[in-house]
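Asks: The following block contains the structure, expressed as structure tokens.
The values are calculated or read from the model by the stated rules, or taken from the named source; none is laboratory data. Small disclaimer: the values here were computed from a predicted structure and weren't measured. Every residue, glycine as well, gets a Cβ built from its backbone with ideal geometry; the counts of neighbours run over all protein chains shown.
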Amino acid sequence: MAMLAQKPPMGWNAWNYFGYTGINEQVVRETADAMVDFGFLDAGYDIVSVDDCWAAAERDKNGDLQADPVKFPSGMKALGDYIHSKGLKFGLYAGGGVVTYCRRAGSYGFERQDAKKFAEWGVDLLKYDFGYPPPGENPTHCFRRMGQALRESGRDIIFSACLGRREVSSWMRSCGANMWRLAGDIKDSWDSIVSVALNAVGLEAYAGPGGWNDPDMMVVGLNGEGYVGKIGGGCTVNEYEAHFALWCMLSAPLLMGHDVRHTTPEIKNILQNKELIAINQDNLGIAAYRIPELAAQDVILAKPLYGGDIAFCLLNQFDSPKNMPLTWDFCGWEITDEVKIRDITAHRDLGVFKSGFCPRVEARSARVFRATRV
């Protein structure tokens with residue numbers, strides 16, 4: 001079995017827009033079509049993942065999970081086949097409790113049977129939640145059982161563990177997980193984006209090839225619409241640009257959450273920024289670390305890249321523009337070094353700087369630069 005998730009997984013998940021009630025077979029098929037038509041597959045987004053509420057409340061006569069016959073009348077095998085026919089991978093949700101959060105059949109006590117069924121359906125990624133476990137159930141044991149069952153299933157299935165606690169970064173990889181949620185559900189708001197992102201800062205030692213810190217699925221492009229969009233209210237283009245930049249710097253899985261079928265040109269440009277995606281998918285696989293010495297309140301992140309370059313992200317989370325100084329001596333270079341700077345968001349070279357530089361960052365936004373020592 002090859003190492004899975006050697007780079008942060010990229011794709012789309014249904015939850016943020018479609019939530020409990022909006023997901024069905026037609027939506028997923030149309031989304032798979034749109035992933036190809038809008039160029040997302042070519043940009044690296046190759047997973048289409050169905051979240052909770054796909055399953056029936058009861059198992060079939062053989063004890064197997066079965067699709068909701070109204071929402072998914074063709075069944076999950078046929079859906080997976082359609083997704084695969086588009087050159088995409090098939091993601092699916094399951095819960096480690098007796099029932100899922102949507103009160104559909106859970107996998108507790110059926111881990112091996114369900115893992116084999118997922119393999120039979122052609123599942124490539126399993127998002128595994130921890131809703132409604134039996135009293136006293138240890139979450140470590142829950143995730144460990146499914147991780148082992150997936151390894152025995154006969155198919156390579158990326159294991160996305162969803163417990164939503166920061167401390168899982170220190171032990172979830174040992175359960176066989178390839179990515180692990182660090183917090184509760186993100187909202188479509190600036191405060192939520194910043195909070196969820198900063199919650200992942202400081203955990204970079206746990207991320208790397210085969211296992212990634214997962215802040216949550218992205219809300220870029222929700223614009224206050226859909227299940228999570230209506231909860232948060234929406235963001236500006238600058239805020240969505242900063243959101244995507246932070247996820248790329250953190251080596252986070254890039255799972256879109258908007259309605260791909262109605263992607264606007266602005267949102268497409270954000271999510272298909274090739275230079276930012278290259279930083280996220282960098283071969284070194286190191287997540288960004290914070291440089292607190294430069295300013296107590298400013299958030300300046302540095303991400304070492306393969307070949308010696310460093311990516312810097314300057315986040316202005318506040319309501320007024322500001323100049324944010326950056327010097328080389330806090331990232332492993334000498335203060336006297338000359339460094340070529342490229343603005344990744346604007347796709348332009350800024351020139352060569354000695355000692356450091358001090359760019360202006362607009363309110364509620366972020367700028368990302370790629371630095372090359374001359």
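Asks: Scan the range 197-236 for residues that are more than 21 Å from Cys313 (Cβ to Cβ), surrounded by 19 or more Cβ atoms within 10 Å (Cβ to Cβ) and among the aliphatic types (A, V, I, L, M) and report the count.
Replies: Residues that pass the stated criteria total 2.
Asks: Tally time: how many residues in the range 225-266 are in contact with a strand residue (DSSP E or B) (Cβ under 9 Å, 6 or more places away or on another chain) and within 25 Å of Ala311 (Cα to Cα)?
Replies: 19
Asks: Also, quick follow-up: Would you mind telling me which numbered condition in (1) buried (at least 19 other Cβ atoms within 10 Å of the Cβ); (2) assigned to a loop (DSSP other than H, G, I, E, B); (3) assigned by TED's automatic domain parsing to the domain that holds Ile158 Thr21 fails?
Replies: (1)
Asks: Of everything in the range 163-183, what is surrounded by fewer than 24 Cβ atoms within 10 Å (Cβ to Cβ), small (Gly, Ala, Ser) and either touching a strand residue (DSSP E or B) at 6+ places or on another chain (Cβ under 7 Å) or modelled with pLDDT under 95 (or both)? Give them in sequence order.
Replies: Gly164, Ser169, Gly176
Asks: Still on this structure, I have one more. Is it the case that Ala242 is at pLDDT 95 or above, within 30 Å of Met3 (Cα to Cα) and under 16 Å from the mean Cα position of the chain (by Cα)? Spell out how you get there, then give the answer.
Replies: On the way: at pLDDT 95 or above: yes; within 30 Å of Met3 (Cα to Cα): no; under 16 Å from the mean Cα position of the chain (by Cα): yes.
Criteria not met by Ala242.
Asks: Name the residues in the range 59-90 that are basic (Lys, Arg) and more than 23 Å from the chain's Cα centre (by Cα), would you?
Replies: Of the residues in the range 59-90, the ones basic (Lys, Arg) are 59, 61, 71, 77, 86, 89.
Hits for the range 59-90 are Arg59, Lys61, Lys71, Lys77.
Asks: Among residues belonging to the range 92-104 that are hydroxyl-bearing (Ser, Thr, Tyr) and in a loop (DSSP other than H, G, I, E, B), point out the one that is nearest to Trp15 (Cα to Cα).
Replies: Here is the first cut: in the range 92-104, the residues hydroxyl-bearing (Ser, Thr, Tyr) are 93, 100-101.
Still in the running and in a loop (DSSP other than H, G, I, E, B): 100-101.
On the way: Thr100: 14, Tyr101: 12 Å.
Residue satisfying both the conditions and the ranking: Tyr101.
Asks: Here's a check for you: in the range 130-153, which residue that is assigned to a helix (DSSP H, G or I) and in contact with a strand residue (DSSP E or B) (Cβ under 6 Å, 6 or more places away or on another chain) is surrounded by the fewest Cβ atoms within 10 Å (Cβ to Cβ)? Spell out the reasoning first.
Replies: Taking the range 130-153 as the starting set, the residues that turn out to be assigned to a helix (DSSP H, G or I) are 139-151.
Now restrict to residues that are in contact with a strand residue (DSSP E or B) (Cβ under 6 Å, 6 or more places away or on another chain): 143, 146-147, 150.
On the way: Phe143: 25, Met146: 27, Gly147: 23, Leu150: 28.
So, considering only residues that are assigned to a helix (DSSP H, G or I) and in contact with a strand residue (DSSP E or B) (Cβ under 6 Å, 6 or more places away or on another chain), the one surrounded by the fewest Cβ atoms within 10 Å (Cβ to Cβ) is Gly147.
Asks: On to the next question. Residues being among the hydroxyl-bearing types (Ser, Thr, Tyr) and exposed (fewer than 12 other Cβ atoms within 10 Å of the Cβ): count how many of those fall in the range 322-352.
Replies: Filtering the range 322-352 for residues among the hydroxyl-bearing types (Ser, Thr, Tyr) gives 327, 336, 345.
Now drop any that are not exposed (fewer than 12 other Cβ atoms within 10 Å of the Cβ), which leaves 336.
Qualifying residue count for the region: 1.
Asks: Which condition from (1) surrounded by fewer than 21 Cβ atoms within 10 Å (Cβ to Cβ); (2) touching a Lys or Arg at 6+ places or on another chain (Cβ under 7 Å) is the one that Lys274 breaks?
Replies: Answer for Lys274: the failing condition is (2).
Asks: Could you tell me how many of the residues in the range 70-91 are over 10 Å from Glu25 (Cα atoms) and assigned to a loop (DSSP other than H, G, I, E, B)?
Replies: Adding up the residues that qualify gives 3.
Asks: Within the range 24-45, count every residue that is of a type outside the set (Gly, Ala, Ser) and outside any helix (DSSP H, G or I). Give the derivation first.
Replies: Let us first name the residues in the range 24-45 that are of a type outside the set (Gly, Ala, Ser), namely 24-31, 33, 35-38, 40-42, 45.
Of the ones still in play, those that are also outside any helix (DSSP H, G or I) are 24, 38, 45.
The qualifying residues number 3.
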